[in-house]
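Notes follow once the structure below has been shown.
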Amino acid sequence: MKKFMLIYRADMQEAAKMGAQMTPEQVAEMNAAWMAWGGKVGKSLLDFGNPTMPTAFSKDTTVGGYSIIEAETAEKAHELLEGHPHLAMGGEIDIYEIIATPGM
C-alpha cells in the first residue's frame, strides 16, 4: 500500500470570513461531515491531520490543512475523496504520494 498526503486548499481569507459567520449548529454539521468522511475511509485514513496556519515565512496562504491516507494507487486515493466535505465547501484537494527517501 502507498501513502498519500492530502493538502486542503482554499482562499483562507474567505474561509476565515465564512468560519466567523457560522452558527454553532453549522460548525457541528461541518464537523459531522468530516467525521462521516473519516468513517467512510476507515482504516485507509492514517492521520486525520489538522488545520494549518501560514507563518511569516509562508509564501503559500492557500493551504488550510492536511490528512494522510493509504491506498493501492493514486486513482484509488482519488476515489476515497468522493463526498469529501472540503470539496463540498468549494475547496480543492491536492494529492501527493509519500515516497521513501532514496538511500535511507
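The rows are residues; the columns are (1) closer than 24 Å to M12 by Cβ; (2) open to solvent by less than 60 Å² (accessible area, probe 1.4 Å).
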{"residue": "P54", "(1), (2)": "yes, yes"}
{"residue": "F57", "(1), (2)": "yes, no"}
{"residue": "D60", "(1), (2)": "yes, no"}
{"residue": "E70", "(1), (2)": "no, yes"}
{"residue": "K76", "(1), (2)": "no, no"}
{"residue": "H84", "(1), (2)": "yes, yes"}
{"residue": "G90", "(1), (2)": "yes, no"}
{"residue": "D94", "(1), (2)": "yes, yes"}
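Tally the residues that are open to solvent by 70 Å² or more (accessible area, probe 1.4 Å) and acidic (D, E), restricting the search to the stretch 16-52. Of the residues in the stretch 16-52, 2 are open to solvent by 70 Å² or more (accessible area, probe 1.4 Å) and acidic (D, E).
Among the residues of the stretch 1-15, write down those that are open to solvent by 90 Å² or more (accessible area, probe 1.4 Å) and part of a helix (DSSP H, G or I). Correct list: Q13, E14.
Which residue pairs have Cβ atoms under 9 Å apart, sit 6 or more places apart or on different chains, and have a first residue in the stretch 25-53 that is in contact (Cβ under 8 Å) with a residue 40 or more places away in the chain and closer than 16 Å to G91 by Cβ and a second that is open to solvent by 50 Å² or more (accessible area, probe 1.4 Å) and among the hydrophobic types (A, V, I, L, M, F, W, C)? Filtered contacts from the stretch 25-53: M30/M89; A33/A88; A33/M89; W34/F48; G49/M5. Just a yes or no: is a residue in the stretch 52-64 modelled with pLDDT of 95 or more and either in a loop (DSSP other than H, G, I, E, B) or under 15 Å from the mean Cα position of the chain (by Cα) (or both)? Checking the stretch 52-64: not a single residue is modelled with pLDDT of 95 or more and either in a loop (DSSP other than H, G, I, E, B) or under 15 Å from the mean Cα position of the chain (by Cα) (or both).
The values are calculated or read from the model by the stated rules, or taken from the named source; none is laboratory data. These numbers were taken from a predicted model, which means no experiment stands behind them. Positions of Cβ are backbone-derived with ideal geometry, glycine not excepted, and every protein chain shown enters the neighbour counts. Please note that ligands, DNA and RNA were not included when accessible areas were found on the heavy atoms of the full protein model with its side chains. Shrake-Rupley method; radii C 1.70, N 1.55, O 1.52, S 1.80 Å.
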